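Presented below is the structure to which this report refers.
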Amino acid sequence: MKILVINAGSSSLKYQLIDMETEEVIAKGLCERIGIDGSNLVHKAHGGETKFEAAMPDHKVAMKMVLDALTDEKVGVLKSMSEIGAIGHRVVGSGEYFTKSTVVTPEVLETLEKTYEFAPIHNPANVMGIKACLEAVPGTPNVVVFDTAFHSTMPDEAKLYAIDYQDYLDYKVRRYGAHGTSHKYVSHEAIAYCGAQGKDFKLVTCHLGGGSSISAVKNGVCVDTSMGFTPLAGVPMGTRSGDIDPSAVKFLADKKGFTFEQAINYLNKKCGVNGVSGISSDFRDLQAAVEAGNYRAKLAVEMFAYNVRKYIGAYAAAMNGLDCIVFTAGVGENSAFTRGYICRGLDYLGVEFDEEENKVRVPGIHEISKPGSKVKLLVIPTNEELMIARETLALV
Ligand code: ADP
């Protein structure tokens, strides 16, 4: 079966068509600047790349262009849309309305609209994409795969904030986490790699990219995660502050004349390693600046690594032990420099970090702890699209 995976952002839409017999990507692409002047679609198939430029006022039009590209006479990969067996959609926020991947029905669509307040930028775009698919490919099942679903197993003491319990009940304000599909994918890969299926296995997964989150995974099930009600919580990120005392936010907003909205925007877009370094949110730029002796770049990387280490320690405590730490996503997979900062200083846990192995680049799963290390360190490339496709296949 061929499965189309759709990942809609606020102004973008990524897609992959995957052959589930081989799990190979047949075609993929990206629509950019949806709702903005200059929108375009870059479609990759048959080893080549084609750019389609056309106005995309909304995600419905973008979705239509994707389906046209997939069936295009020259660069398409399908004779007809009926070859698509199912469509899997990534959805960011679920509130407590959904705890697992679900086949789209009219009732599910109605409930999805209630989730808008939990992800006001992303979820309306997702629903528009789903509706466009239902219209263009009638009869083909659509499945929604939630970023929050993997974290739905967190116990109450981990997921709840210490606010008035009635307010939690009334407004569902709690930790939901994010990057769940990635944490789930790398957890499964790590468990299989370590031959730990069905065994007592304690894992910390570090998804370190533009946004970063850390999860505690016990026997394949998420028991805690660092992001919160929104992705603003946890470790410092590219431009997000991560954890901060709310009273400091009020103090800063008063000083800078920010409204509440502006303060949240500042914490999301102007902080993190970008704000601390004053240089960049990109860890490649930070590494170059550290190597050139820049103090603030070094401080930014050290703060990032320190906080990741703190979460690893906290989660080892939460699970009463640790067997494996996984690094994934842009920084986790590629920045040996940043992994080095994180992994030095974990020896108390039984981690034997291999400095030389860390510098080597290999495709697939890469072990960067020494043989015999009590806690294994693994670099695992994430594959959220494949995970979405697998979940979709399982449901249809
Ligand atoms: P997101 O999807 O959250 O934007 P990614 O997982 O793609 O993020 O990660 C993007 C980040 O990965 C970039 O900001 C950059 O800092 C980092 N990155 C990518 N490649 C490298 C590399 N070779 N070395 C260091 N950092 C890298």
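Bear in mind that the values in this text are calculations on the coordinates, not laboratory data. Note that the structure is a prediction, hence the values are computed from the model and not measured. In this analysis, Cβ positions are derived from the backbone assuming ideal geometry, glycine residues included, and neighbour counts consider all displayed protein chains.
Miscellaneous remarks
- For Lys202, the aspartates and glutamates whose Cα comes closer than 16 Å to its Cα, not counting residues fewer than 8 places off in the same chain, are Glu189, Asp224, Asp323.
- Length gained on full extension, Val173 to Lys131: 12.3 nm, using 0.36 nm per residue less the C-alpha separation.
- The relative contact order of region 193-261, computed from alpha carbon pairs under 8 Å that lie at least 6 residues apart in sequence, is 19 percent.
- Dipole magnitude for the chain: about 620 debye, using +1 per Lys or Arg Cβ and -1 per Asp or Glu Cβ, origin at the Cα centre.
- Positive end of the dipole of region 240-329 (Cβ unit charges, origin at the Cα centre): among Gly313, Val249, Val301, the Cα lying farthest that way belongs to Val249.
- Beta bridge orientation in the chain: antiparallel %, DSSP, nearest 5: 70 percent
- Charge sum, other residues only, whose C-beta stays under 10 Å from Cys133's C-beta, Lys/Arg counted +1 and Asp/Glu -1: +2
- For Met319, Met237, Met81, Met1, the sequence from fewest to most other C-beta atoms within 10 Å is Met1, Met81, Met319, Met237.
- Neighbours of Val61, meaning other residues whose beta-carbon lies under 15 angstrom from its beta-carbon, give a summed charge of -2 when Lys and Arg score +1 and Asp and Glu score -1.
- Rough spin-label spacing in nm, given labels placed 7 Å along Cα→Cβ, for Asp72 and Ala314: 4.7 nm
- DSSP-assigned coil residues among trypsin sites (Lys or Arg not before Pro) in region 73-154, each with at most 10 further Cβ atoms within 10 Å: Lys74, Lys79
- Along the axis of the charge dipole computed for the chain (Cβ charges of +1 for Lys and Arg, -1 for Asp and Glu, origin at the Cα centre), the listed residues Ala125, Gly364, Cys31 are led at the positive end by Gly364.
- Using the alpha-carbon positions of region 245-396, Rg (one decimal) and Dmax (whole number) come out as 18.7, 55 Å.
- Most fluctuating residue given options Ile312, Ile365, Ile163, as computed from a GNM of the chain linking Cα atoms under 10 Å: Ile163
- Of the peptides 338-348, 55-65, the ranking by mean beta-carbon count within 10 Å, highest at the top, reads 55-65, 338-348.
- Flagged links, alpha-carbon separation over 32 Å, of Lys51/Lys131; Lys74/Lys131; Lys114/Lys250; Lys28/Lys100; Lys256/Lys359; Lys74/Lys270: Lys256/Lys359; Lys74/Lys270
- Region 1-126 shape via C-alpha gyration tensor axes, a/c threshold 1.5: oblate
- Extension reserve of the Glu21-Tyr116 stretch, reckoned as 0.36 nm per residue once the Cα distance is removed: 30.7 nm
- Relative contact order of region 108-243, defined on C-alpha pairs under 8 angstrom at six or more residues apart (%): 19 percent
- Under 5 Å, built H, 5+ apart or other chain: amide partners of Gly9: Lys14
- Shown for Ser241, Ser212, Ser152: other C-beta atoms within 10 Å of each C-beta, ranked fewest to most, produce the order Ser152, Ser241, Ser212.
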